[in-house]
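Take a look at the structure below.
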């Protein structure tokens, strides 16, 4: 299961269980819901798989240790986990910068005019939102936005009528907006 | 252009995917229609957000991290448990004896169940049955069996498999000529896997865990095996 079919309330209950769950199931579930996107975020920011794995492990340990302080009124679980990840990445970069023997991360994007950590964090959340759309809706957005195709070109490519492509693109963006609102990425 | 046509074109409009004449028609309609203008306002910020996600593909959560994470949490819980007041603690030897007694009941005379903590920590309160699996291929594995009402949940950590997802492996719980499948899995790019599988077979009904590789229809080869001691 991905984080796609869950409500913010279900996530908050899961974090609440973290503190007392003796079986490890709550941690396992939380990790399987968010481990992928947070690993992508960390890997992208640090450019090293091992470092990315360490960060993700650290993030979920911090979440476990501080589950009691999580306040669902202040932020969604996803937002909370991203903020923990962001801090962990900053800490890792700081450690690397005071240990010059360690190799610099190739994708230390903030020092190379690339996206900031905040922008990158936003990007991964939008990528997660796209995963929650139907494949048909995702396809429309990818072709129009990322490949720069016009409605007519998408219709030729997919064999669908132009009218269908157009209305499907509209519904796709409406769905995306709703998902981003649910995730707390944009205001509702 | 009416409202219905304009709205259906708004997605393409904000993504810049309309032909110039239709784009102009939508713009003219929106300028005079507050409802459609409101709908446009809800959508027009999305392309900027999407730009941040260009090229990002969410990877699978690394199974190895899950394993390390759960081990670490179990260890820290064990440490915490050792600091509980004496009245709440059960001596380690006694816990092991209780676990063995439970194991004896479940597994029978030929098998012993072990309740072990990790790395010298206090044992967990739920009985955990652990065993090692080995074979001729160089792969090794560790399995934890969690008895449940409907059968057994098998946690399996494997390394040393042929890297890549081409091969399908099956986990079986066996006794004599009897066998129950717990399910199938594939290895990751490093030849590792961590899976949680469920079999209807109950602890005590089988005496070994075997992993076989499916090489084709009706063709399989043994990879790993471990006896419940």
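Read the figures in this text as sums done on the coordinates, not as results from a lab. All values reported here derive from a predicted model rather than from experimental measurement. Backbone-built Cβ (ideal geometry, glycine too); neighbour counts: all protein chains shown.
Here are some notes:
- FRET efficiency, 1/(1 + (r/R0)^6) with R0 22 Å, evaluated for residue B:189 and residue B:75 via beta carbons: 0.20
- Between residue A:134 and residue B:4, the FRET efficiency estimated from the beta carbon spacing at R0 = 35 angstrom works out to 0.95.
- Acute angle (nearest 10 degrees) that the helix A:8-18 long axis makes with the longest principal axis of chain A, alpha-carbon atoms: 20 degrees
- Peptide A:169-179 has a mean of 5 when you count, residue by residue, the C-beta atoms of other protein chains within 10 Å of its C-beta.
- Order of A:140, A:183 - criterion: other Cβ atoms within 10 Å of each residue's Cβ, fewest first: A:183, A:140
- Order of B:194, A:171 under a 10 Å beta carbon neighbour criterion, fewest first: A:171, B:194
- Percent RCO, i.e. relative contact order, over region A:133-188, from Cα pairs under 8 Å lying at least 6 residues apart: 35 percent
- Using a Förster distance of 41 Å, the FRET efficiency for residue A:178-residue B:178 (Cβ separation, nearest 0.05): 0.20
- Segment residue B:31-residue B:221, length gained on full extension (0.36 nm per residue, minus Cα span): 61.4 nm
- Remark: spin-label model distance residue B:23-residue A:146 equals 2.3 nm, labels positioned 7 Å along the Cα→Cβ axis.
- Chain A: angle of helix A:77-97 to the longest principal axis, Cα-based, in degrees nearest 10: 60 degrees
- Short-range pairs are left out: with C-alpha atoms under 8 Å and at least six residues apart, the relative contact order of region B:3-53 is 40 percent.
- Separation of region A:109-188 from region A:42-81 is 25 Å, based on Cα centroids.
- Prolate/oblate/rounded label for region A:133-188 (Cα gyration tensor, a/c 1.5): prolate
- Against chain A, whose longest principal axis is taken from its Cα atoms, helix A:49-65 shows a tilt of about 70°.
- Ellipticity estimate at 222 nm from DSSP helix runs (n ≥ 4, -39,500 (n - 2.57)) divided over chain A, nearest 500: -21500 deg cm²/dmol
- Inter-label distance, nm, simple model (7 Å from Cα along the C-beta direction), residue A:16/residue A:75: 2.0 nm
- Average partner coverage of A:39-45, which counts Cβ from other chains inside 10 Å: 3
- P(r) histogram, all alpha-carbon pairs of chain A included - 10 Å bins from 0, percent: 9, 31, 29, 21, 9, 2
- Distance cut-off 18 Å, percentage of C-alpha pairs in region A:1-87 lying past it: 39 percent
- Model label points for residue B:38 and residue B:153, set 7 angstrom from Cα along the Cα-to-Cβ axis, are 4.8 nm apart.
- By the count of neighbouring beta-carbon atoms within 10 Å, fewest first, A:169, A:116 end up ordered A:116, A:169.
- Relative contact order of chain A, pairs being alpha-carbon contacts under 8 Å that are 6 or more residues apart, as %: 22 percent
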